[in-house]
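In what follows, a single structure is set out as structure tokens and then discussed.
The values are calculated or read from the model by the stated rules, or taken from the named source; none is laboratory data. Quick caveat, the model's predicted, so the values are computed rather than measured. In this analysis, Cβ positions are derived from the backbone assuming ideal geometry, glycine residues included, and neighbour counts consider all displayed protein chains. Quick note on the areas: whole protein, heavy atoms, side chains included, nothing else; ligands and nucleic acids left out. Shrake-Rupley method; radii C 1.70, N 1.55, O 1.52, S 1.80 Å.
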Amino acid sequence: MLRRKKRTKNEIIHDILDQCQTGSRKTWIMYRANLSYVLVTRYLNELEKLGLVESRDGLFYTTEKGKQLLELLKAWKQKKAELDDVTNKIKEILPEEKRGRKNQEPSKEQNQAPEQEQVLTAAAN
């Protein structure tokens, strides 16, 4: 079963700015960026405050500053995809041993520094 990775904030902002280049209604942005009404409203408010999008006649448009950020995010997204490919190739060559241990938290004893153990021992006495 393939799990879908959560998108980062940068990926969501990229999707919104990309959608707003030619002007978009909030509902169009919701559908095309795959966001709930609450999230799209939060993001649009934040992007408006930052001067990355502007609202005119019921449509949201990417500003010049937003277009500059969009270009940077496109480059970031491409480099991230390349890095993910390299990471996957590394995993093929060096598979993780005991994958189940990756998600396990270390025990309290493993987390404590020697000084903490001395303090705990002294407190117990």
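Quick check, is K91 open to solvent by 70 Å² or more (accessible area, probe 1.4 Å), of a type in the set (K, R), part of a helix (DSSP H, G or I) and modelled with pLDDT under 95? Answer is yes for this residue. Which residue is modelled with the lowest pLDDT, if the candidates are limited to the range 14-33 and must be basic (K, R) and either under 22 Å from the mean Cα position of the chain (by Cα) or surrounded by 15 or more Cβ atoms within 10 Å (Cβ to Cβ) (or both)? So, considering only residues that are basic (K, R) and either under 22 Å from the mean Cα position of the chain (by Cα) or surrounded by 15 or more Cβ atoms within 10 Å (Cβ to Cβ) (or both), the one modelled with the lowest pLDDT is R32. I'd like to check something: does the range 54-62 contain any residue that is loosely packed, with under 15 Cβ neighbours inside 10 Å, of a type in the set (G, A, S) and touching a Ser or Thr at 6+ places or on another chain (Cβ under 8 Å)? No, that holds for no residue.
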